[in-house]
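Coordinate-derived values only; no laboratory data. Nothing here was measured: the structure is a model prediction, and the numbers come from that model. In this analysis, Cβ positions are derived from the backbone assuming ideal geometry, glycine residues included, and neighbour counts consider all displayed protein chains.
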Amino acid sequence: MNTIILKHGIWVMVADGEKALFLRNAGDNKYPNLEVVQEIQQDNPPTREQG
C-alpha cells in the first residue's frame, strides 16, 4: 500500500458537482490536521430540472 505524505502547509482540494473545499495541512507529515481555507458551493439541481 502506498502512503500519501502531506507536508506542512500543503493545500488539498476536494470537490464534487456541488461543492469544493480548499484545505491546508496545519499539522505535520505524521499527524496531518486539515483546516478549511475556503469553501465554494454551487446549486446543482436534479437532472430532470436541468433539461
Inset, instruction - At most 11 other Cβ atoms within 10 Å and a DSSP loop assignment: could you name the trypsin sites (Lys or Arg not before Pro) in the chain that fit? - result: Lys7, Lys30
Legend entry - At 0.692 mPa s and 37 °C, Stokes D of the chain from Kirkwood alpha-carbon radius, µm² per second: 256 µm²/s
Inset, instruction - Per residue of segment 11-18, in order, report the coupling 6.51 cos²θ - 1.76 cosθ + 1.60 (Karplus, θ = phi - 60°) as ³J(HN,Hα) in whole Hz, putting x for Gly and Pro. - result: 9, 10, 10, 10, 9, 9, x, 10
Legend entry - Test item: Cα-centred dipole of the chain, Lys/Arg +1 and Asp/Glu -1 on Cβ, debye: 260 debye
Inset, instruction - Check each of the GluC sites (Glu not before Pro) in segment 7-51 and keep only those in coil by DSSP with at most 15 other C-beta atoms within 10 angstrom; list them in order. - result: Glu18
Inset, instruction - Sum up the charges of everything whose Cβ sits under 12 Å from the Cβ of Lys19, counting Lys and Arg as +1 and Asp and Glu as -1, but leave Lys19 out. - result: -4
Inset, instruction - Could you go through segment 32-39 in sequence order and give the Karplus-derived ³J(HN,Hα) for each residue, using 6.51 cos²θ - 1.76 cosθ + 1.60 with θ = phi - 60°, rounded to whole Hz, and x for Gly and Pro? - result: x, 9, 7, 10, 6, 9, 8, 10
Legend entry - Ranked list, fewest to most other Cβ atoms within 10 Å of each Cβ, for Asp43, Asp16: Asp43, Asp16
Legend entry - Amide H within-cut-off set for Val37, under 5 Å, with H built and near neighbours excluded: Phe22, Leu23, Arg24
Legend entry - the chain - mean residue ellipticity at 222 nm from DSSP helices (-39,500 (n - 2.57) per run, n ≥ 4, rounded to 500): -1000 deg cm²/dmol
Legend entry - Amide proton proximity set for Gly27, modelled H, under 5 Å, gap of 5+: Gly9, Asn33
